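The values are calculated or read from the model by the stated rules, or taken from the named source; none is laboratory data. Being a predicted model, the structure only gives us computed values, none of them experimental. Note that each Cβ is placed from the backbone with ideal geometry, even for glycine, and that neighbours are counted across all protein chains shown.
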Amino acid sequence: MADVKLNNIKKSYGNVNILHGIDLDIKHGEFVVLVGASGCGKSTLLRLIAGLDEITEGELQIGSELVNDLPPAKRGVAMVFQSYALYPHMNVLKNMSYGLKIAGKDKAFIRKKVQQAAKTLHIDHLLERLPRELSGGQRQRVAIGRAIVRDPKVFLFDEPLSNLDAALRVQTRVEIGKLHQELGATIIYVTHDQTEAMTLGDKIVVMNQGRVEQCGTPLELYQHPITEFVAGFIGSPKMNFIAAKVQSIEADHLVLRLSNGAITKAFVDVTSCNLDDDVTLGIRPENLSEDSDLGERISASVSLVEQLGEASYLYLTLSDATEMVMRTSGESTTTIGETIDISFNAESAHVFNADGLALKRHRAGNTKSPAELARLKAIA
Amino acid sequence: MNFALPMKHNRGKALVTHAVLMTYTLIALFPIFVVIINSFKTRKAIFNDPLALPTPETFSLVGFEEVLLRSEFGLFFSNSLIVSVVSIFFVLLFGAMIAWALTEYSFKGNMLIGILVAMGIMIPIRLGTVSILDLMSSLHLVNTLWALILVYIAQGLPLAVYILSEFIKQVPKELKEAARCDGVGEIKIFFTIIVPLIRPAMATVAVFTMIPIWNDLWFPLILAPSDGNQTITLGVQQFIGQYVTDWNSVLASLTLAIVPVLILYIIFSRQLIRGLTSGAVK
Ligand SMILES: Nc1ncnc2c1ncn2[C@@H]1O[C@H](COP(=O)(O)OP(=O)(O)O)[C@@H](O)[C@H]1O
Ligand SMILES: [Mg+2]
């Protein structure tokens, strides 16, 4: 068992605090994705777990052993760097086997290990090449292979796909997902690409300025972001935010007066609300409809249209100059300059209070993972 | 049509650059050329027309015969070689180690050592000749090659540390970290990751270090002037007399002295060209 436990981990460089007390509980075999804006401390946290930087305060446990003072090689972790960091003067075989050689493993064992990993990653024909003779995707595989051969308890990936082109990124993403299934190892994966986060993660940790903002399954974060920051971070295009005031409070919903004067309902927990509170209504672009058929209506003028084929994005401006985006059918014929009535379901609305904290949604959609759904269906 | 202009401009610039470099090369090579052609001429021909190429009438190997058969040239030569090679080896080894320590680790006195090294570049070591001689005589090293080697290591280190530090700083941080994750010890990281990557820089340093050592007359004269330990520059002096100078022998030994420098330079310059870091990251 190799659970990873972070207990109030802090990091400062000199007197600059980068991480302000991170608590995380990662189960054996879990695929955990760290996301957050650039500079929020994701890499720093990963380097602390790897043992490349000293932990200023707090406890780090790997497999129920306190590893704060262990050197990287003794922690049973392997790191895959964003820049791959292959040894440039060693061929692929040597790159992959160097760690084992240092560990004093015998030659036959090393050869078997490397060959096995190379086969899994489809790089067995490249073993004699130098890193400079490989393409970006191949280098990435070698870097992953170098991590695999050491049989680590925990894999650490720092934005491993960000140097690849779009097509290769999708392909490698799928392969990393499969690799996780095959190896069953614990993986901590840093990215700022939320498609990667949503598709790969069993659990996503959203970080903001050195703090964990929220931690949960991909759909939990999507359906129940607990802060405005998370709501804006998860989902693409970004959630729309509209300033509003609480007009009246009903048993299971709020009635809001939006900044452009429109009146809408939102099915959220009302217990902490007062009349006339300043709140923010959040509504995802994909929950908006171009027709006025979904109950809650807003009128807006179209300032830009992006046609992607399978869908179109309409960039809208409300009468009070609030900007919004909506996703609509690819067949939509709406054009720039038109004023349209858009609508949404009161169930799909998010509401955030003045402190940016979300009010719990009553009627959110599915938050279960495919595996959970399959299990439930099997029982029923 | 428009983009022809910058091309032309570049070509003009290249022409000027090349002209300057060619002129410089000619000026630098001319004395060497004169030394070499005259070493193959009779004494009379040297004085009659120093700039003429050797002809069948003026051709003579008397200088080489004198140097190779009737003097201890072989000994001088091997002394010079030993001193240079051993010094270069230790300058490179210690230089790279100091550079690695100063750039990679922050420790107490790091700054101070860095400043001392920088001062070593600015202050010529010859200013310390008297104390060096003092030191060597109390260590009983006067008239040994070790005296020269120690001084040359000290002389070469500051620049070596300075140049190598710059190169070590450019080795991506991730490479060292990857090695640390692989469980490679710090000393092994230095020898198996850092040194191979800064080989081109070490070649540069080797060339910079070798030339002043090979050509030095000052320290051999002061620290190791006795017969068995003379280096080539000092050995040549025996042909230069107060009244008569054996120009044939002087020129012949100088010509021979150029050979090893040339060979070492060729070896190292191949290293200089090699770009080893490509493919390291990204
Ligand atoms: N060695 C260091 N010294 C000082 N500050 C650092 C150091 N490394 C990182 N930082 C700072 O820590 C913050 C987080 O960096 P990082 O973890 O790399 O962010 P990211 O989430 O983009 O990976 C940044 O503001 C960065 O400037
Ligand atoms: Mg980063």
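What pairs can you find where one residue is in the range A:37-57 and farther than 20 Å from A:Asn15 by Cβ and among the aliphatic types (A, V, I, L, M), the other is part of a loop (DSSP other than H, G, I, E, B) and near ligand 2 (Cβ under 10 Å from one of its atoms), and their Cβ atoms are less than 9 Å apart, with a gap of 6+ or different chains?
Matching pairs, first to second residue: A:Ala37/A:His192.
Spot the failing condition for A:Glu65; the list is (1) touching a strand residue (DSSP E or B) at 6+ places or on another chain (Cβ under 7 Å); (2) away from ligand 1 (no atom under 16 Å from the Cβ), and only one is missed.
For A:Glu65, the exception is condition (1).
Of everything in the range A:8-54, what is within 13 Å of ligand 1 (Cβ to nearest atom) and among the aromatic types (Phe, Trp, Tyr)? Give them in sequence order.
Of everything in the range A:8-54, just one residue is within 13 Å of ligand 1 (Cβ to nearest atom) and among the aromatic types (Phe, Trp, Tyr), namely A:Tyr13.
So how many residues does the range B:221-256 have that are closer than 29 Å to B:Leu135 by Cβ, assigned to a helix (DSSP H, G or I) and of a type outside the set (Ser, Thr, Tyr)?
Matching residues across the range B:221-256 total 12.
Would you pick out the residues in the range A:343-365 that are farther than 18 Å from A:Leu288 by Cα and either at pLDDT below 85 or not in a loop (DSSP other than H, G, I, E, B) (or both)?
A:Phe352, A:Leu357, A:Ala358, A:Leu359
Residue-wise test of (1) surrounded by fewer than 19 Cβ atoms within 10 Å (Cβ to Cβ); (2) in a helix (DSSP H, G or I); (3) not charged (D, E, K, R).
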residue: B:Ala160; (1), (2), (3): no, yes, yes
residue: B:Ser165; (1), (2), (3): no, yes, yes
residue: B:Glu174; (1), (2), (3): no, yes, no
residue: B:Glu177; (1), (2), (3): no, yes, no
residue: B:Arg180; (1), (2), (3): no, yes, no
residue: B:Val184; (1), (2), (3): no, no, yes
residue: B:Ile193; (1), (2), (3): no, yes, yes
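For the range A:45-57, indicate whether the set of residues that are within 30 Å of A:Lys238 (Cα to Cα), surrounded by 23 or more Cβ atoms within 10 Å (Cβ to Cβ) and touching a helix residue (DSSP H, G or I) at 6+ places or on another chain (Cβ under 8 Å) is non-empty.
Looking through the range A:45-57, none of the residues is within 30 Å of A:Lys238 (Cα to Cα), surrounded by 23 or more Cβ atoms within 10 Å (Cβ to Cβ) and touching a helix residue (DSSP H, G or I) at 6+ places or on another chain (Cβ under 8 Å).
So if I check each of B:Leu102, B:Leu133, B:Leu141, B:Leu81, which one is more than 25 Å from B:Leu234 (Cβ to Cβ), touching a helix residue (DSSP H, G or I) at 6+ places or on another chain (Cβ under 9 Å) and not polar (S, T, N, Q)?
From the options B:Leu102, B:Leu133, B:Leu141, B:Leu81, the qualifying one is B:Leu102.
Quick one: how many residues across the range A:287-313 are at positive phi and loosely packed, with under 13 Cβ neighbours inside 10 Å?
1
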